[in-house]
Amino acid sequence: MNRSAALSGMEETIISSSNLNDSQEDAIVSCIGLSECQHQSTVKLIWGPPGTGKTKTVGLLLFSLLKLKCRTLTCAPTNIAVLQVTSGLLKLVTDSLEYDTYGLGDVVLFGNGERMKISENDDLEDIFLDHRVEVLYHCFAPSTGWKHTVDSMINLLEDPRHQYRRYLENMKKENEGGDRHDGMTEFQEMNSNKEKDEVVGDQNQKGRNSRKVLKKILLQALKDNKKTEKQKQKVSYHQDKLPRCLGKGDQYGKENKEDNIFPFEEFVKKRFKILSEKLDLLIVGLYTHLPTSVISLEVVKNMIKALDSLSRLKTLLNGVSIGDEGLKLVLHDFEDEDNSACQFSWLATTRKDCIRILNSLPRAFDVPNMFERYQVRNFCLENACLIFCTASSSAKLHTEGMKPIKLLVVDEAAQLKECESTIPLQLSGLRHAVLIGDERQLPAMVQSEVIRFIFFAFHLLSNLKVLSSIVFVK
């Protein structure tokens with residue numbers, strides 16, 4: 001196949017700028033051509049001794065297939081081999097990202113997190129399936145997720161007095177022993193943990209590392225909230241069994257609760273702080289973990305504008321004391337045009353700008369209803385462009401309704417047991433396979449003489465130099 005015919009301008013630029021030798025370029029070009037081939041199934045081999053650049057070649061091949069949106073499964077015999085090829089690809093992807101981590105949603109790695117030691121590698125955590133499921137599950141939670149948080153922030157900025165009345169009603173019900181209003185439960189629970197609130201509040205830097213810290217804090221807070229809610233249910237059950245003869249002690253408790261009610265201006269500042277920090281986490285979670293086919297670059301740009309606008313408003317609010325008359329004027333007379341003449345007009349203008357940008361953000365994305373974690377998991381696997389796992393773990397892709405895999409790449413193929421190789425090769429819709437290996441590597445430890453013969457034949461094939469199916473990397 002002619003090289004220029006096999007490559008688009010983008011792929012040709014990627015390959016030409018990577019300092020590859022002729023055999024490495026031929027290997028990539030030959031395999032990229034498979035992504036457009038529909039008339040027959042093909043098996044290609046990328047074969048070469050150690051030091052010939054197979055790892056670099058495979059990384060660039062997978063990077064090119066990602067740019068082509070060719071749905072590809074990459075397997076290897078062991079977790080170590082899977083992590084090696086995944087890390088090589090991830091470095092290329094990370095260096096090419098235009099907006100922070102936007103685009104990583106097209107890549108997914110799955111397997112046993114403990115054996116892969118994902119917790120020790122922050123970069124891999126962004127594409128690890130279990131972590132992605134947890135983040136997206138909370139992003140789409142009906143009562144605390146993306147839509148709820150955006151609407152809550154807009155409502156707070158548009159009519160803070162109404163939100164404060166709801167807060168007072170909620171606290172009144174709590175003091176009287178009733179149930180708290182659902183819309184304010186999140187505020188109470190998040191505000192109760194001052195230690196985490198202070199840690200999150202110190203993360204003013206917009207860099208990637210600070211957001212990773214914030215993501216971990218959010219996930220831990222969500223887990224803690226679940227435990228807290230269960231404990232509250234147990235306490236509530238036992239309190240109902242107690243005799244109502246607490247006398248002055250009961251009254252003293254009510255007075256304490258009433259003393260903890262925030263004044264209007266403090267409520268607005270605290271509520272804004274909590275919601276803005278949560279929006280920061282949700283936005284980063286959405287554009288990091290949703291595939292690019294679901295969330296567009298234009299939407300991501302608007303999300304980042306929203307974060308910048310909220311950050312400016314947060315700085316302005318923090319610079320004004322709670323008892324300042326100017327703050328009271330802006331909050332109470334927000335819709336009054338005379339505000340433009342007051343010394344706090346810049347605060348009102350920034351606030352209006354935040355509302356405008358937040359209203360432009362989508363409340364929903366083109367995703368199915370994901371009320372359970374297994375639904376989120378299936379969504380991530382079905383919409384990923386590149387999938388990485390061990391050959392044996394690929395059995396989890398044999399599920400009904402799974403979007404077909406077009407191309408299979410097997411690294412360290414010479415070490416793969418014959419019985420393991422049949423697992424990914426039987427995936428529905430699979431048309432092409434690329435096997436990468438080295439005839440000098442030790443084969444897998446097998447007992448069967450029949451399987452030994454198969455491996456012998458496989459190594460023999462590599463030495464026959466059948467150029468139609470083997471590309472040798474030198």
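The values are calculated or read from the model by the stated rules, or taken from the named source; none is laboratory data. Bear in mind that the values here come from a model prediction, so they are computed numbers and not experimental data. Here the Cβ is made from the backbone with ideal geometry for all residues, glycine too, and neighbour counts use every protein chain on show.
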Answer residue from segment 277-308, given it is hydroxyl-bearing (Ser, Thr, Tyr) and in contact with a Cys (Cβ under 9 Å, 6 or more places away or on another chain) and is nearest to Val367 (Cα to Cα) among those: Ser293
Residues of segment 372-414 satisfying the condition of being loosely packed, with under 15 Cβ neighbours inside 10 Å, without any contact (Cβ under 8 Å) to a residue 60 or more places away in the chain and not charged (D, E, K, R): Tyr374, His398, Thr399, Gly401
Residue within segment 5-23 that is within 25 Å of the chain's Cα centre (by Cα), crowded, with 18+ Cβ neighbours inside 10 Å and either under 16 Å from Ala414 (Cβ atoms) or at pLDDT below 75 (or both) present: no
Qualifying residues in segment 56-92 (those that are surrounded by fewer than 22 Cβ atoms within 10 Å (Cβ to Cβ) and among the β-branched types (Val, Ile, Thr)) - the one farthest from Leu124 (Cα to Cα): Thr78
Number of the condition not met by Ser394 [criteria: (1) closer than 23 Å to Cys139 by Cα; (2) assigned to a helix (DSSP H, G or I)]: (1)
Any chance Val108 is under 15 Å from the mean Cα position of the chain (by Cα), at pLDDT 90 or above and either part of a loop (DSSP other than H, G, I, E, B) or more than 13 Å from Ile387 (Cα to Cα) (or both): no
Residue within segment 79-93 that is polar (S, T, N, Q) and outside any helix (DSSP H, G or I) present: no
Count of residues meeting criterion [loosely packed, with under 13 Cβ neighbours inside 10 Å, at pLDDT below 85 and part of a helix (DSSP H, G or I)] in segment 155-188: 1
Test: residue in segment 37-45 that is among the aliphatic types (A, V, I, L, M), crowded, with 18+ Cβ neighbours inside 10 Å, at pLDDT 75 or above and in a strand (DSSP E or B): yes
Segment 55-78 residues that are farther than 18 Å from Asn21 by Cα and in a helix (DSSP H, G or I), paired with ones that are modelled with pLDDT under 90 and not aliphatic (A, V, I, L, M) (beta carbon under 7 Å, 6 or more apart): Leu65/Ser35; Lys67/Glu11
